[in-house]
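The values are calculated or read from the model by the stated rules, or taken from the named source; none is laboratory data. Every value quoted in this text rests on a predicted model; they were computed, and no experiment measured them. Heads up, the Cβs are rebuilt from the backbone with ideal geometry, glycines too, and the neighbour counts pull from every protein chain shown.
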Amino acid sequence: MFVNDEECCQYLIAAFAGIFPDLKIIGGAEEPIYVAPKDNDAAIIYFRSNYPRSLLHEISHYCLAGDRRRNIDDFGFWYSPCGR
């Protein structure tokens, strides 16, 4: 059975919903970002377009971040342009 990227993302989102019930995972973003929970709202991971690899990459950040960094937007990482 062939599964396209959209279907794969939906399967992954459903699987992670059971593991991380306080986390929303939303595809279709131009750039990935993590929005920390605020005022009883769930945390949100926005992943790039509808790419399963982007979803898994962002989930890996979440898994490694730990409780303190999960309370900071983008886990406290700030990026600056590299000039390319």
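Only residues that are among the polar types (S, T, N, Q) and either assigned to a loop (DSSP other than H, G, I, E, B) or within 18 Å of Cys63 (Cα to Cα) (or both): list them for the stretch 1-28, please. Let's see the steps before the verdict.
Of all residues in the stretch 1-28, those among the polar types (S, T, N, Q) come to 4, 10.
Matches in the stretch 1-28: Asn4 only.
Residues being out of contact with any strand residue (DSSP E or B) (no Cβ under 6 Å at 6 or more places or on another chain) and either aromatic (Phe, Trp, Tyr) or at pLDDT 95 or above (or both) are represented in the stretch 42-51 by at least one member. The number of residues in the stretch 62-82 being within 29 Å of Val3 (Cα to Cα), over 8 Å from the mean Cα position of the chain (by Cα) and either surrounded by 11 or more Cβ atoms within 10 Å (Cβ to Cβ) or not aliphatic (A, V, I, L, M) (or both) comes to 1.
Comparison of Glu31, Glu58 shows that the only residue that is within 19 Å of Trp78 (Cβ to Cβ), touching a residue at least 12 places away in the same chain (Cβ under 8 Å), out of contact with any helix residue (DSSP H, G or I) (no Cβ under 8 Å at 6 or more places or on another chain) and assigned to a loop (DSSP other than H, G, I, E, B) is Glu31. Please tell me if Lys24 is within 12 Å of the chain's Cα centre (by Cα) and basic (Lys, Arg). So Lys24 fits the description; yes. Going through (1) in contact with a strand residue (DSSP E or B) (Cβ under 8 Å, 6 or more places away or on another chain); (2) assigned to a helix (DSSP H, G or I); (3) surrounded by fewer than 15 Cβ atoms within 10 Å (Cβ to Cβ) one by one, Pro37 falls short only on (2). When Ala29, Ala14 are checked against the criterion of being modelled with pLDDT under 95 and either among the aliphatic types (A, V, I, L, M) or under 14 Å from the mean Cα position of the chain (by Cα) (or both), Ala29 stands alone in meeting it.
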